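See structure below.
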Amino acid sequence: MYQKGSITIAICTRDNPEYIKHLVKDLKDQSDKGFGLIIQNNGSKIDVDLSGLNNVILSNNKCVGLSESRNLCVESCKTEYIHFLDDDLTIKEDFISSLKVFISQNPNVSAAGGKVLPDWSRVDRPSWVTNNCLVLLSMLDFGPEKKRFGSEVSWLVGANLLIKTKKIIDHGLFKPYLGRIGGNESLLGSEENELLHKIANDEDVFYCPDF
């Protein structure tokens with residue numbers, strides 16, 4: 001039985017050792033330390049300091065693609081909610097507390113996706129990357145108001161995505177034939193939206209700008 005409101009952060013990583021260090025540091029700097037952490041490392045070499053974090057699972061299982069990595073995280077998750085973060089994200093120190101506020105105010109919401117904004121402080125923005133191109137890089141900003149998935153917004157991204165763990169299991173996990181696969185074998189995506197559309201048939205799914 002899941003503890004009500006409990007959260008695990010799940011990070012699937014492959015060949016991004018420096019990015020994962022930055023994200024783990026952001027997690028260690030959180031004002032609210034009440035969360036679990038699963039890092040699913042798909043066959044790459046990472047060296048991260050996980051001291052100070054609670055309930056950490058570092059998995060080095062090799063698998064085929066992002067969907068399979070996410071499913072391994074779900075299978076290991078022991079909390080009511082799992083929140084997927086891409087390994088190259090940065091988060092503010094109130095990220096976890098913002099998640100908990102959203103959960104307490106919206107207990108019937110089964111899934112919610114947040115903003116994903118580009119950070120051009122680390123790299124020069126190519127001149128050809130227009131705002132219209134950002135959607136192709138999984139960048140998302142639907143404005144400052146909460147919106148219903150399906151009717152008000154048509155897609156969310158797995159880079160910043162909160163879901164009730166049981167709902168993922170009940171609806172058959174992420175489909176392995178979708179999702180990124182390393183080595184340029186496949187650039188297919190939308191495994192999260194395929195799952196979210198199934199959840200949204202019976203449950204509330206939202207875009208949330210607060211995390």
Can you name every residue in segment 29-47 that is surrounded by fewer than 16 Cβ atoms within 10 Å (Cβ to Cβ), on the phi < 0 side of the Ramachandran plot and not polar (S, T, N, Q)?
29, 32, 33, 34, 45, 47
Mind listing whichever residues of segment 156-179 are more than 28 Å from residue 4 (Cα to Cα) and open to solvent by less than 40 Å² (accessible area, probe 1.4 Å)?
178, 179
Give me a count of the residues in segment 90-103 that are within 24 Å of residue 155 (Cα to Cα) and either of a type in the set (D, E, K, R) or open to solvent by 60 Å² or more (accessible area, probe 1.4 Å) (or both).
4
Using the structure shown, decide if residue 76 is touching a strand residue (DSSP E or B) at 6+ places or on another chain (Cβ under 7 Å), modelled with pLDDT under 95 and either more than 19 Å from residue 23 (Cβ to Cβ) or among the small types (Gly, Ala, Ser) (or both).
no
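Residues in segment 1-14: is at least one free of Cβ contacts under 8 Å to residues at least 60 places away in the same chain, assigned to a loop (DSSP other than H, G, I, E, B) and open to solvent by 10 Å² or more (accessible area, probe 1.4 Å)? Show your work before the answer.
To start, the set of residues in segment 1-14 that are free of Cβ contacts under 8 Å to residues at least 60 places away in the same chain comprises 1.
Filter once more, so that each one left must be assigned to a loop (DSSP other than H, G, I, E, B): 1.
Narrowing further to those that are open to solvent by 10 Å² or more (accessible area, probe 1.4 Å): 1.
Yes; the residues of segment 1-14 include at least one that is free of Cβ contacts under 8 Å to residues at least 60 places away in the same chain, assigned to a loop (DSSP other than H, G, I, E, B) and open to solvent by 10 Å² or more (accessible area, probe 1.4 Å).
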Taking the conditions exactly as written (loosely packed, with under 15 Cβ neighbours inside 10 Å and within 17 Å of the chain's Cα centre (by Cα)), does residue 75 satisfy them or not?
yes
Say whether the condition of being without any contact (Cβ under 8 Å) to a residue 12 or more places away in the chain and not in a loop (DSSP other than H, G, I, E, B) is met by at least one residue in segment 107-120.
no
Search segment 26-56 for residues being touching a residue at least 24 places away in the same chain (Cβ under 8 Å) and among the β-branched types (Val, Ile, Thr), and hand back the single one that is farthest from residue 69 (Cα to Cα).
48
Out of all the residues in segment 146-155, is one or more within 25 Å of residue 20 (Cβ to Cβ) and either open to solvent by less than 20 Å² (accessible area, probe 1.4 Å) or at pLDDT below 90 (or both)?
no
Restricting attention to segment 32-84, report how many residues are in a strand (DSSP E or B) and closer than 28 Å to residue 102 by Cα.
12
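The values are calculated or read from the model by the stated rules, or taken from the named source; none is laboratory data. The model shown is predicted, which means the values in this text are computed figures rather than measured ones. Quick reminder, even Gly has a Cβ in these numbers, built from the backbone with ideal geometry, and neighbours come from all protein chains shown. Side chains are part of the model used for accessible areas, which takes the heavy atoms of the whole protein and leaves out ligands, DNA and RNA. Shrake-Rupley method; radii C 1.70, N 1.55, O 1.52, S 1.80 Å.
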